[in-house]
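The values are calculated or read from the model by the stated rules, or taken from the named source; none is laboratory data. Here the structure is a predicted model, which means the values were calculated and not measured. In this analysis, Cβ positions are derived from the backbone assuming ideal geometry, glycine residues included, and neighbour counts consider all displayed protein chains.
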Amino acid sequence: MMRLQKYIAISGVASRRSAEKLIADGHVMVNGQTVREMGITVDEGKDQVRVDGKLIHPETQKHYIAYNKPMGQVTTVSDPEGRDTVMDIFRDYPVRLFPVGRLDYDSEGLLLLTNDGEMMQNLTHPSHEVPKTYLCKVSNQLSEESVRRLRAGVDLDGRLTSPAQVRIIRTETLFTVVLVTIHEGRNRQVRRMFDAVGHQVVSLKRVGFGPILLEDLPRGHWRSLTPREIQKLKEL
């Protein structure tokens, strides 16, 4: 027996959080009856679960993908503005994949995708504090005081960001290249952090998500994670 939202997640339909919304909005039926309660449990061997009328089953084979997202793609399943989405790349993939978290339209770099809803939930839940590393090019020269503030936490919407790891890679006359690691996931957080200390982010590339590194994966290409990488993610 397992909770209904977990059953939906491991069936590759949605993350557990999104599954809860599907239930609350009346999209889910168990044995022919629409359910909206979160506490319901189902028996994989006996109960029939449908989402929007489609019978679902837990997927036995899990897939884990690293993708180097270019700028100009949105990290959503669909986009009301008709922009390119990362899911267009995986339209013909054998199973339905979901992006783990978001990467802004005007940002690039490492994006993980999977049909493992439970892992997706674990990797994105704030309590697990999974580190994400970004290579940033910011306007002007970054002062030591600005670095200190970023490391200590800056005020965004009345709440300090958690301490960040900040390392200056290169300083030029008109810009600074910085490596930043955070473990929160607020909207456009890295860009807003630099805005708060008076610098504009010119370009932003995610180069690490937990133990997974972008390395030399070409822009617009993807690869399957290795068994060792998958195990490291599970250990998080």
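Here the condition is being in the same structural domain as LEU97 (by TED's automatic domain parsing) and of a type outside the set (Phe, Trp, Tyr); of ASN68, ASN31, it holds for ASN68 alone. If you go through region 74-102 and pick out every residue that is assigned to a loop (DSSP other than H, G, I, E, B), in contact with a Gly (Cβ under 9 Å, 6 or more places away or on another chain) and either surrounded by 15 or more Cβ atoms within 10 Å (Cβ to Cβ) or of a type in the set (S, T, N, Q) (or both), you end up with 6.
Quick one: in region 63-73, of everything that is part of a loop (DSSP other than H, G, I, E, B) and touching a residue at least 60 places away in the same chain (Cβ under 8 Å), which residue is surrounded by the most Cβ atoms within 10 Å (Cβ to Cβ)? Among those that are part of a loop (DSSP other than H, G, I, E, B) and touching a residue at least 60 places away in the same chain (Cβ under 8 Å), it is HIS63. Residue-level analysis places LEU55 among those that are in a strand (DSSP E or B) and farther than 24 Å from VAL130 by Cα. Need pairs with beta-carbon distance below 8 Å; first residue of a type in the set (Asp, Glu) and within region 5-23, second part of a loop (DSSP other than H, G, I, E, B); sequence gap 6+ or separate chains. As it stands, the answer is GLU20/MET38, since those pairs meet every condition given. Is there a residue in region 193-210 that is surrounded by fewer than 14 Cβ atoms within 10 Å (Cβ to Cβ), part of a loop (DSSP other than H, G, I, E, B) and under 18 Å from the mean Cα position of the chain (by Cα)? No, because not a single residue in region 193-210 is surrounded by fewer than 14 Cβ atoms within 10 Å (Cβ to Cβ), part of a loop (DSSP other than H, G, I, E, B) and under 18 Å from the mean Cα position of the chain (by Cα). In region 133-150, of all residues being loosely packed, with under 15 Cβ neighbours inside 10 Å and not small (Gly, Ala, Ser), the one that is nearest to GLY101 (Cα to Cα) corresponds to ARG148.
Looking at this structure, is GLU118 in a helix (DSSP H, G or I), acidic (Asp, Glu) and farther than 30 Å from LEU4 by Cβ? Taking the combined requirement at face value, the residue does not satisfy it.
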